[in-house]
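The values are calculated or read from the model by the stated rules, or taken from the named source; none is laboratory data. It should be emphasised that the depicted structure is a prediction, and the values quoted were computed from it without experimental measurement. Methodologically, a virtual Cβ is constructed for each residue, glycine included, from the backbone with ideal geometry; neighbour enumeration extends over all protein chains shown. Surface accessibility is based on the protein's heavy atoms, side chains included, excluding ligands, DNA and RNA. Shrake-Rupley method; radii C 1.70, N 1.55, O 1.52, S 1.80 Å.
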Amino acid sequence: MPLTPVLTTRWGAERSWRLSTYESLDGYAALRTALTMAPDELVALVKDSGLRGRGGAGFPTGMKWSFIPQPKPGETPTGPAAMPKYLVVNADEGEPGTCKDLPLMMADPHSLIEGVIISAYAIRSHLAVIYVRGEAVHAHRRLTAAVEEAYAAGYLGTDILGSGYDLELIVHAGAGAYICGEETALLDSLEGYRGQPRLKPPFPAVAGLYGAPTVINNVETLATVPFVVRGGSDWFKEFGPEKSPGPKIYSLSGRVVRPGQYEAPMGTTMRELLEMAGGIRPGHELKFWTPGGSSTPYFTSAHLDVPLDFDSVAAAGSMLGTTALMVFDETDSIVEATLRFTEFYAHESCGKCTPCREGTYWLVQILQRLVEGDGRAADLDLLVDTCDNILGRSFCALGDGATSCISSSLKYFKDDYVALLPPEEQARLGRSLPIEPVGVAS
Ligand code: NAD
Ligand code: SF4
């Protein structure tokens, strides 16, 4: 297997974010190669590499690009094929625990810009937008400066490197709403509307920005593209499992000795990553962890050897998500952690659909009274019932994701919930209990 680091290889260089540093470390070499290829060849290369989206869902990148309707030779294009094509970079990294795209943009913004130019060329787009999370003012500034450098050096603008290809790239700051990381809410926000998810299908590949065909890719996905072009698909496929190959940035936070970003091939296990991060803090034991941020069901010490790739994590009952590994030890209350996550979802719910808007509010109320020692025996069933009424009934993934921490914590650590109940309520457990109406505080 080839060695990592790949994606983070330039991060340690002095002033790694400057164009001169990037160029001295083979930067923009992949673009020169890509511009000698036909756009369809690039789509086929990325398809063949097996690269899957790093924003969380793991959708095959080359396949997404191939969904963009293109004019057919010899025919006058009509409908979406006749419209302009857009490339939008989802840089609205906001999932709790997730910290890979912002460090990437800070340390190596030109790898993203190079990936954007190659990908836009592949889908025959002449306008790309990087939508950066509103709070990340530092990343916005760094990207803006890097884009200016790229324009000045002829990597952006008209007739890029004498190829005849034109591309404009805009860096746009969001306003700090988590829901704008949902790709269609992001599009609404870009168009100047309040960011709320749109009905899918149609997917953005057919009707996206201003109703035109749009590819929306995550930062890490696009920053990987130049390496695919340079290394080739066979080289790329040597990293990790056949169905989810490639190098990957894992972010470890919480109760580890050295929290941070660790690059390793897809399919690396938590046990191996913990070793890289110095292990759990001395004198303590791992209790639970998230494989991919707060929207993904918790794992426990029983899952340390699950290969962290899309399919293996799904088979083990969770989701790879954003590879945000939040680590908790025996001193942490899983119910309190779950309450914090649920408060986040209730706060960030955009309010468009009832199950999520009302459900997350009620989940907070129930968890809060459990944490405060005022819980009722029926609350455990009520949590499950409320989650059942959100999961699969919400308009977008935010509602579904909000239930993951509750369902999985009840699955693995139900006793921790029971221990928070007052003794008289604990005594009622196991008896047939009516689900009582939930009052705000009775
Ligand atoms: P999804 O599975 O609906 O879609 C994934 C991508 O594939 C989208 O770009 C979608 O447009 C495209 N797609 C899917 N089917 C398609 C089709 N038939 N035709 C054309 N395109 C198609 O997932 P999603 O709702 O976009 O994202 C959910 C994920 O986002 C979760 O897995 C979660 O981990 C992740 N997430 C990430 C962050 C973050 O900060 N990076 C935050 C919250 C959630
Ligand atoms: Fe909005 Fe939540 Fe419904 Fe998504 S699930 S549309 S965030 S209310």
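Side notes on the structure shown:
- Charge context of Asp329, other residues only, Cβ under 13 angstrom, K/R +1, D/E -1: 0
- Range in the chain, longest, excluding exposed trypsin sites (Lys or Arg not before Pro) [loop by DSSP; at most 10 other beta-carbon atoms within 10 Å]: 16-430
- Stretched out straight at 0.36 nm per residue, the stretch from Ala82 to Glu343 would grow longer than its current Cα-Cα span by 89.5 nm.
- Accessible area per residue, Å², segment 334-430 with all protein chains present, probe 1.4 Å: 43
- Per-residue Karplus couplings for segment 419-425, computed as 6.51 cos²θ - 1.76 cosθ + 1.60 with θ equal to phi - 60°, are listed in order as 4, 7, 6, x, x, 5, 6 Hz, Gly and Pro entered as x.
- Rounded to 10°, Cα long-axis angle of helix 334-348 versus longest principal axis of the chain: 50
- Residues in segment 247-329 average 33 Å² of solvent-accessible surface per residue, probe 1.4 Å, ligands and nucleic acids excluded.
- Mean Cα-pair separation over length for segment 247-329, i.e. relative contact order, pairs under 8 Å, 6 or more apart, %: 36
- In summary, the lysines within cross-link reach of Lys248, defined as a Cα separation below 18 angstrom excluding same-chain residues under 8 places away, comprise Lys47, Lys100, Lys237.
- Karplus-derived HN-Hα couplings along segment 259-264 (A = 6.51, B = -1.76, C = 1.60, θ = phi - 60°), whole Hz, x at Gly and Pro: x, x, 9, 10, 9, 7
- Think of segment 317-369 as having a plus end and a minus end, set by charges on the Cβ of Lys, Arg, Asp and Glu; of Cys356, Thr342, Gly317, Cys356 sits farthest toward the positive end of this dipole.
- Mean ellipticity per residue at 222 nm, deg cm²/dmol - from DSSP H runs of n ≥ 4 across the chain, formula -39500 (n - 2.57): -12000 deg cm²/dmol
- Each Cα pair under 8 Å and six or more residues apart adds its separation to the average, and for the chain the resulting relative contact order is 16 percent.
- Most to least accessible of Phe59, Phe344, Phe288 (protein chains only, probe 1.4 Å): Phe59, Phe344, Phe288
- Local electrostatic count, Asn217, Cβ distance below 12 Å [Lys/Arg +1, Asp/Glu -1]: 0
- Of all accessible heavy-atom area on the chain, the percent that carbon and sulfur account for (1.4 Å): 54
- Rounded, prolate or oblate (a/c below 1.5 giving rounded, otherwise prolate when a/b exceeds b/c) for segment 322-442 by Cα gyration tensor: oblate
- Legend: calculated FRET efficiency, Arg281 to Tyr210, from the Cβ-Cβ distance at R0 = 41 Å, rounded to 0.05, equals 0.25.
- Here segment 381-418 is scanned for amide nitrogen atoms under 17 Å from the site 7 Å beyond the Cα of Glu336 along Cα-to-Cβ, giving 416-418.
- Here's how it looks for Arg52: its modeled amide H is under 5 Å from those of Thr61, which are all 5 or more places away or on a different chain.
- Radius 15 Å from Cβ of Gln70, net charge of other residues (Lys, Arg +1; Asp, Glu -1): +2
- Residues of type lysines that Lys411 reaches as a straight line, Cα spacing below 18 Å, ignoring anything fewer than 8 places off in the same chain: Lys287
- Relative to its residue count, the chain spans a Cα convex hull of 145 Å³ per residue.
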